[in-house]
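A short write-up of the structure that comes next.
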């Protein structure tokens, strides 16, 4: 890959990667750092990466960098002191985006990532499997379970709208 191709990759993929990471970690500064780290890693491996596969390389790198960050910052939660009311949705909202964001926060890291890659970014099961280092069947199971959890949390669309 040459300098022009690298700059093209930045132009084409930086915003999408930022949105993907931001949806997962909800911190703009950390999302910017992860995107920047991903492009830095690409720059260090610019000779080894094929321009036609740069999108997959960037999203995979960003995903793994995000997971590393989440694992470093993760705190253990005492499950005996969990407020069940905090995890149930009974109010009626008119802001669907807010409800969806709250529902996404409640998913596990893997479920949230595969849902965002599939439904927000439009990746195929095979591409998601490659990015997350899961098998296609694992990706399908995680997506199914995530959608099931989202449906349980949100309930019927009529109750929201």
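The values are calculated or read from the model by the stated rules, or taken from the named source; none is laboratory data. These figures come from a predicted structure and were not determined experimentally. FYI the Cβ positions are ideal-geometry reconstructions off the backbone, even for glycines, and counts take in every protein chain you see.
Below, the figures for the structure above:
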read-out	value
Subset of the range 99-109 (residues that are surrounded by 13 or more Cβ atoms within 10 Å (Cβ to Cβ) and either at positive phi or part of a loop (DSSP other than H, G, I, E, B) (or both))	106, 107
When residues of the range 123-149 are limited to those that are buried (at least 17 other Cβ atoms within 10 Å of the Cβ) and part of a loop (DSSP other than H, G, I, E, B), the one nearest to the chain's Cα centre (by Cα)	123
Pairs, first over 14 Å from residue 101 (Cα atoms) in the range 141-157, second at pLDDT below 90 and surrounded by 14 or more Cβ atoms within 10 Å (Cβ to Cβ), C-beta under 7 Å, six or more apart	155/89
Matching residues, the range 110-122, being assigned to a loop (DSSP other than H, G, I, E, B) and free of Cβ contacts under 8 Å to residues at least 40 places away in the same chain	122
